[in-house]
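Scroll down for the structure; my scribbles are underneath it.
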Amino acid sequence: DIIRTIRDPEKPNTLEELEVVTEGGVEVQEIGEDEFLVTIRFTPTVPHCSLATLIGLCLRIKLQRCLPFRHKLEIYISEGTHSTEEDINKQINDKERVAAAMENPTLREIVEQCVTEPE
């Protein structure tokens, strides 16, 4: 429910409406007392989507802000659905790269627009 309302950076639709994120792509496992591993697999709309890294960043930021429990996040592009999925998976799961990306004012503004709940 937390990620279903994230908007696509280019289109007026949500990631759920575009089937970029689906309920089947979300997995939650208990890994310790009151700690969970949340794994998200998302599918870009096209295999060469230039915004796949940005979508992964939006997913990470929204979940970090909204999950009400201690968690570890793993976010991946669904296997075989993007031409550079390995590189993108590394980027969106690297805390330092994520932090650096969020320091960029332009990028941060785009992420905020995508993750802000509609009125």
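Points to keep in mind about this one:
- Carbon and sulfur %, accessible surface of region 21-114 computed with the full protein complex present, 1.4 Å: 49
- Electrostatic bookkeeping for GLU79 treats Lys and Arg as +1 and Asp and Glu as -1; over the other residues with beta carbon under 9 Å from its beta carbon, the sum is 0.
- Expected 222 nm ellipticity per residue - DSSP helices of 4 or more, -39500 (n - 2.57), all of the chain, to 500: -11000 deg cm²/dmol
- Of the beta bridges in the chain, as assigned by DSSP with both residues counted there, near 45 percent are antiparallel.
- Estimated D of the chain in µm² per second, where Rh is the Kirkwood radius over Cα pairs and Stokes-Einstein applies at 20 °C, 1.002 mPa s: 148
- Summing charges over all other residues whose Cβ lies under 14 Å from the Cβ of ALA100, with Lys and Arg as +1 and Asp and Glu as -1, gives +2.
- Proximal lysines relative to LYS95, as straight alpha-carbon distance under 25 Å, when same-chain residues fewer than 8 apart are discounted: LYS62, LYS72
- Listed residues LEU63, THR39, ALA100: farthest to the positive end of the dipole of the chain (Cβ charges): ALA100
- Net charge of the neighbourhood of LEU18, taken over other residues with C-beta under 9 Å away and scored Lys/Arg +1, Asp/Glu -1, is -3.
- Relative contact order of region 21-114, defined on C-alpha pairs under 8 angstrom at six or more residues apart (%): 27
- Per-bin percent of Cα-Cα distances, region 70-119 [5 Å]: 4, 18, 18, 22, 24, 12, 3, 0
- Placing +1 on the Cβ of every Lys and Arg and -1 on the Cβ of every Asp and Glu, with nothing else charged, gives the chain a dipole about its Cα centre of roughly 280 debye.
The values are calculated or read from the model by the stated rules, or taken from the named source; none is laboratory data. Every value quoted in this text rests on a predicted model; they were computed, and no experiment measured them. Note: ideal-geometry Cβ built from the backbone for every residue, glycine included; neighbour counts use all protein chains shown. Side chains included, ligands, DNA and RNA excluded: accessible areas come from the protein's heavy atoms. Shrake-Rupley method; radii C 1.70, N 1.55, O 1.52, S 1.80 Å.
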